[in-house]
Amino acid sequence: MLKRFFSNKEPVKTLLSDEPARSSSRRRVMLIGLDCAAPELVFDRWPHDLPNLKSLYESGLHGLLRSCDPPITVPAWSVMMSSKSPGLLGVYGFRNRADHSYNKYAIANSIAIKEDRLWDILSRSGKRCIILGVPGTYPPRPLNGVLVGDFLTPNTNCNYTYPAALKHEIEQVVGEYILDVRDFRSGNKPKILADIYEMTRKRFQLARHLLTTRDWDYFMMVEMGVDRIHHAFWDDMDPAHRFYIAGNQFENAIRDYYREVDREIGRLLAFANDETAVLVVSDHGAKRMDGGICVNEWLLANGYLALSEKPDRPMPLNKVKVDWSRTKAWGDGGYYARIFLNVAGREPQGTIAPADYENVRDELIAGLGTIPGENGREIGTKVFRPERLYRKVRGVAPDLMVYFGDLSWRSVGTIGGGKIHTFENDTGPDGANHAHDGIFVLRDKVNTDAGIRVDGLGITDIAPTILNLFGLPIPNDMEGRAVSSLTKNFN
């Protein structure tokens, strides 16, 4: 739709250095996204190590930002920018069932998002946008401005920018642009750390270049390095982690990286004049990972999953011979478990009569919710029916969503190990899982009082808040509300 209105030849200002452009009196909004940034680290543990973030929240509003369910990068950033739930978007993770067959999945890239996101609305209102690395933006779509795709871009040989010519400009500015740290679960910690720093340096360098050379009203970037460093190094930082070793060489890796990100944020703030509202947000937080629950092993042991042939070593379920004619349920691994029921008339070899569907779900909720830890103690698992989480459920949603240990335990989808509990992640070493609370910071010198803590914020409130900052109407179908910087409440 936008293609008809915006040219591939966007105007470029003739500024060659990374110095701030001449100040403008018009309203602007700058949003800096830090994927997985943890509020307990930013607000409580390290505020004096992060002077730029501290200055922002002491001169504006700040608080916890409740993520969506599930609190995962995909779909969380699209939820934030559309103010629509995962159920309405029909996206429940990176990979989603494409239909009710057993093995067909689709990656949730930009094509999967059918709802307007904030830059679509701003573009139609004549606002010029810079969108950099926001999850859910590859393949790129036209907008009024420029866009650089996200970490799900296969590689930089792809067309990952809008307009397409921007890709060559990026090469001239930063050399080889780094979309993501591809092997952040390799266990090679020195290399992971070096790659995270290089990725972050190049992303912020590109951000400064775009802010310098483009006319803009709305700037948004997302830095993935915070998420990657949590997953790779949380066990080195957290004394409560089962794998923590006091005095290890990476004990301060996360704190030092947060300091680096804070310095980069300080350089971006030079581009924000008094008419520029600045937000710093994260899509979710982080917590230590206590272990993994092998969900398909539990389903097998309890008669819900049947195999034609049991493997002699742990293998992904899609590599195993499942006897679907005797299977009632199976699960996907990940930060949370997605449980799918084999329903007659819905799945090809469905075994559960539709009349028994709720009874089986009730059984599974009771059983999955009481799986203990390896020591026999309760871990506080939460099990949800999607239709009770979302106003509308689109796509092929899980029949149940399971947060083992309230996300302190990962769901492990492999089968063949013969054990319910594991302390080795099936996708590589990982010390952290996601937490529901991310960060929210808003400094708006036009309206905001200083040092105000705001409670009750949700991820769907960000897009309405930004539209409100621009003085634009908020669509009626947005699920969130605008944070009023004048009253510290909601509009």
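The values are calculated or read from the model by the stated rules, or taken from the named source; none is laboratory data. These numbers come from a predicted model, not from an experiment. Note that we place each Cβ from the backbone using ideal geometry, even for glycine, and neighbour counts take in every protein chain shown. Accessible surface areas use protein heavy atoms only, side chains included; no ligands, DNA or RNA. Shrake-Rupley method; radii C 1.70, N 1.55, O 1.52, S 1.80 Å.
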Rel. contact order, % - alpha carbon contacts under 8 angstrom, at least six apart, the range 286-362: 21
Out of 194, 61, 31 - ranked by how far each Cα lies towards the positive end of the dipole of the chain, with unit charges on the beta-carbon of charged residues - the top one is 31
Using the heavy atoms of the protein chains and a 1.4 angstrom probe, tell me the accessible area per residue for the chain in square angstrom. 40
For the range 397-486, what's the relative contact order in percent, using C-alpha pairs closer than 8 Å and at least 6 residues apart? 22
Kindly state, as a whole number, the per residue volume in cubic angstrom of the convex hull around the alpha carbon atoms of the range 354-434. 142
Counting only DSSP beta bridges with both residues in the chain, tell me the antiparallel percent, nearest 5. 55
Rounded to the nearest Å, what's the spacing between the alpha carbon centres of the range 115-159 and the range 445-469? Just the number, please. 23
Give me a comma-separated list of calculated 3J(HN,Hα) values for the range 384-393, in order, Karplus coefficients 6.51, -1.76, 1.60 applied at θ = phi - 60°, integers in Hz, x for any Gly or Pro. 10, 8, x, 5, 8, 8, 10, 5, 9, 10
Accessible area, probe 1.4 Å, largest first, for residues 340, 250: 250, 340
Could you work out how far helix 225-237 tilts from the main Cα principal axis of the chain, as a 0 to 90 degree angle to the nearest 10? 60
Using packing as a proxy for protection, rank 428-436, 311-319 so that the peptide with the highest average count of other Cβ atoms within 10 Å comes first. 428-436, 311-319
Using just the helices of the chain, give the 222 nm mean residue ellipticity in deg cm²/dmol: DSSP H runs with n ≥ 4 each add -39,500 (n - 2.57), and the total is spread over all residues, rounded to 500. -7500 deg cm²/dmol
For the range 109-165, list log₁₀ I(q)/I(0) at each q in 0.20, 0.31 Å⁻¹, using the Debye formula over Cα point scatterers of equal strength and ignoring solvent, two decimals each. -0.67, -1.36
At 1.4 Å probe size, with no ligands or nucleic acids counted, give the accessible surface of residue 213 in Å², nearest ten. 0
For the chain, what is the convex hull volume of its Cα atoms per residue in Å³? 149
Once amide H atoms are built 1.01 Å from N in the peptide plane, which residues 5 or more positions from residue 147, or in another chain, come under 5 Å H to H? 131, 162
What do you get for chymotrypsin sites (Phe, Trp or Tyr not before Pro) in the range 389-491 restricted to DSSP loop and a cutoff of at most 15 other Cβ within 10 Å of the site's Cβ? 423
Over the Cα atoms of the range 81-212, how large are the radius of gyration and the largest Cα-Cα distance (Dmax), in Å? 16.3, 49
I need the peptides 29-36, 140-147 ranked by packing, meaning the mean over residues of other C-beta atoms within 10 angstrom, with the highest value on top. 29-36, 140-147
Would you mind counting up the charge near residue 419? Only other residues with Cβ under 11 Å from its Cβ, with Lys and Arg at +1 and Asp and Glu at -1. -3
In the range 76-172, the trypsin sites (Lys or Arg not before Pro) that fall in loop regions by DSSP, at most 11 other Cβ within 10 Å: 104
Non-local residues with an amide H under 5 Å from the amide H of residue 458, with H modelled 1.01 Å from N and Pro and chain starts lacking one, are 66
Taking H as built 1.01 Å from N, whose amide H comes closer than 5 Å to the amide H of residue 440, not counting residues under 5 places away? 63, 65
Between the range 265-323 and the range 411-425, the Cα center-to-center distance that results, in Å: 14
Report the accessible area of residue 287, computed with a 1.4 Å probe over the heavy atoms of all protein chains in place, in Å² rounded to the nearest 10. 50
Please list, or write none, the aspartates and glutamates whose alpha carbon is within less than 20 Å of the alpha carbon of residue 419, excluding same-chain residues fewer than 8 places away. 290, 297, 309, 312, 332, 374, 378, 430
Under 8 Å for C-alpha pairs, at least 6 residues apart: give me the relative contact order for the chain, rounded to a whole percent. 26
Let me check I've understood the local charge: for residue 322, count other residues with C-beta under 12 angstrom from its C-beta, Lys and Arg +1, Asp and Glu -1. What total comes out? +2
